[in-house]
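Structure record follows, encoded as structure tokens.
Where a number appears in this text, it was derived from the coordinates with a stated rule and is not lab data. Since this is a predicted model, take the numbers as computed values, not measurements. Using ideal geometry, Cβ is built from the backbone for each residue, glycine included, and neighbour counts are taken over all protein chains shown.
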Ligand SMILES: [Fe+2]
Ligand SMILES: [Fe+2]
């Protein structure tokens, strides 16, 4: 399995400066959240460093990657384009960088959308990506603070915000985000 140092070097060489800096910010926040919420710090660091590794891959190369790995990529090519890069990154992590840890692969795969039944590591990476330091939307700071206090409540907020933004902008939403929101909300209500 690729080391943390090698994953950092890979991100540096694969991504634009701006996205590399985003990746380092995601790692910083992911490690902080992992420590607070007793999630494996090394897994969080590795998932963070690899999460956007396919973000700048041309569309035809992503399609090629999906068709070469048809079983693990499922019907991803039928889903919205912004969702593809997490799945492509998880395939690269598994097939080219020896990542065989399903928890890490899942966190990379669902970092844009969330999913029904997210693990704590999935939540750490989802929130670290959504609320990383350079994010400038008004609620980012609040979401960061919330994530430190309560991972589940923060993820519900994050998913809810994404759903609201997409609605406002008339954008299509990936069904996994709705499923993730419904799951987390039911879980929250059951606990009350
Ligand atoms: Fe991403
Ligand atoms: Fe990202």
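The table below lists the values:
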quantity	calculated
Reference-scaled alpha-carbon Rg (2.2 N^0.38 Å with N residues) for the range 4-191	0.97
MRE, 222 nm, helices only [DSSP H, n ≥ 4, -39500 (n - 2.57), over the chain, to nearest 500]	-22000 deg cm²/dmol
Label-point separation, residue 71 to residue 13 (7 Å along Cα→Cβ), nm	3.0
Convex hull (Cα only) mean projected area of the range 34-117, reported in nm² to one decimal	5.7
Nearest-0.05 FRET efficiency for residue 171 and residue 137, computed from C-beta distance (R0 22 Å)	0.90
Cα-based radius of gyration of the range 116-165 once divided by 2.2 N^0.38 Å, which approximates compact folds	1.02
Convex hull volume of the range 1-56 per residue (C-alpha atoms, cubic angstrom)	64
